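The values are calculated or read from the model by the stated rules, or taken from the named source; none is laboratory data. Just so we're clear, the structure is a prediction, and the values are computed from it rather than from any experiment. Glycine gets a Cβ as well: all are built from the backbone with ideal geometry, and neighbour counts include every protein chain shown.
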Amino acid sequence: MKRQDLRFFHRLRVRWAEVDMQKIVFNGHYLMYLDTAMADYWRALALPYEEAMHLLEGDLYVKKASVEYHGSARYDDVLDVGLQCTRIGKSSIEFAGAIFRGEDLLITATLIYVFADPATQTSRAVPEVLRQVMLGYEAGHSVLEVRTGSWAQLHEDAMKVRIEVFVQEQQIPLAMEQDPADEQSVHAVGYNRIGQPVATGRLLPAEGGTARIGRVAVKRVLRQTGVGKQVLNALVAAAGQRGDRAVCLNAQRSAEGFYARSGFAPRGDGFEEVGLPHIEMVRSV
């Protein structure tokens, strides 16, 4: 198997606890590496695993895992773990896995999962929507659809994400999270391919040619997957379509790097908002 055969990779670094006296990785740890990569594979599909499986009324259980060893990883090696869905049967899903150190192939593996009823662990048919999500991803199709529209059109799904992120996770009072500007804003909501809203944001009316973006929120398990950037890009595009010259936002300090990678630059001094440190950032359209 070659690296170019796989489109999904998870990167990790070997730690001391994972090696033996010869400073090579214990054989069993490679299965742990593959399992860790599988968790990120679902993130790459924009599927929050627990919520998605609940919606699909099932869960995935390992039926078979086989590993072939071609070389050994050592302490402090940086490894890339690749996965590819190779077959979806009636109730089973098969993956090919490989672990590389640079271009050196160390491990190949076959993983077979069974989709089953979580209460009885009896197999059931793989839902057609999950089948299409996985086949589409492997074919290079987008796993996210971003819709823009008015508050009347998108408020229900936007609020699902905002309440989870701002109210439940960050403990911002609900009364402070909502304001009348929602009614005047353009909203964007990102949906995964099974219809779950996973990210949102809003674009306020422009003042002096500069519009303000706010309420950007991404479900915690899907951060750093590109989902938030797609929603942000949709809002910037909406600003450009209506003739705005620039967009600005109040970024939480913890998300400053995310906005910087999307072309925003800090402006002025930091400040506190709803009890959290912020910085204003701006970019041209």
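Name the residue that is nearest to residue 184 (Cα to Cα), counting only residues in region 230-255 that are in a helix (DSSP H, G or I) and in contact with a Lys or Arg (Cβ under 8 Å, 6 or more places away or on another chain).
235
Just need a number here: residues in region 240-272 that are more than 15 Å from residue 216 (Cα to Cα) and crowded, with 18+ Cβ neighbours inside 10 Å.
Matching residues across region 240-272 total 1.
Within region 67-100, can you find the residues that are of a type in the set (Gly, Ala, Ser), in a strand (DSSP E or B) and more than 21 Å from the chain's Cα centre (by Cα)?
Result: 92, 96, 98.
Which one is surrounded by the most Cβ atoms within 10 Å (Cβ to Cβ), of the residues in region 126-171 that are over 24 Å from residue 61 (Cα atoms) and either among the basic types (Lys, Arg) or touching a Leu at 6+ places or on another chain (Cβ under 8 Å) (or both)?
Of everything passing the filter in region 126-171, 162 is surrounded by the most Cβ atoms within 10 Å (Cβ to Cβ).
Only one of these is surrounded by fewer than 16 Cβ atoms within 10 Å (Cβ to Cβ) and out of contact with any helix residue (DSSP H, G or I) (no Cβ under 6 Å at 6 or more places or on another chain): 214, 208. Name it.
Matching residue, one of 214, 208: 208.
Suppose we filter region 17-61 for residues that are in contact with a helix residue (DSSP H, G or I) (Cβ under 8 Å, 6 or more places away or on another chain) and not in a helix (DSSP H, G or I); how many remain?
9
State all residues of region 273-284 that are in contact with a strand residue (DSSP E or B) (Cβ under 7 Å, 6 or more places away or on another chain) and modelled with pLDDT under 90; if no residue qualifies, say none.
Of everything in region 273-284, those that are in contact with a strand residue (DSSP E or B) (Cβ under 7 Å, 6 or more places away or on another chain) and modelled with pLDDT under 90 turn out to be 273, 276.
State yes or no: is residue 110 among the β-branched types (Val, Ile, Thr), touching a residue at least 12 places away in the same chain (Cβ under 8 Å) and surrounded by fewer than 17 Cβ atoms within 10 Å (Cβ to Cβ)?
Criteria met by residue 110.
Just the residues that are touching a strand residue (DSSP E or B) at 6+ places or on another chain (Cβ under 8 Å) and acidic (Asp, Glu), please, taken from region 123-163.
The answer is 138, 145, 157.
Could you say whether any residue in region 179-188 is in contact (Cβ under 8 Å) with a residue 24 or more places away in the chain, in the same structural domain as residue 206 (by TED's automatic domain parsing) and under 28 Å from residue 129 (Cα atoms)?
Yes.
Quick grid of which residues meet (1) over 15 Å from residue 166 (Cβ atoms); (2) free of Cβ contacts under 8 Å to residues at least 12 places away in the same chain; (3) out of contact with any Phe, Trp or Tyr (no Cβ under 6 Å at 6 or more places or on another chain):
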| site | (1), (2), (3) |
| --- | --- |
| 220 | no, no, yes |
| 233 | yes, no, yes |
| 241 | yes, yes, yes |
| 244 | yes, no, yes |
| 248 | yes, no, yes |
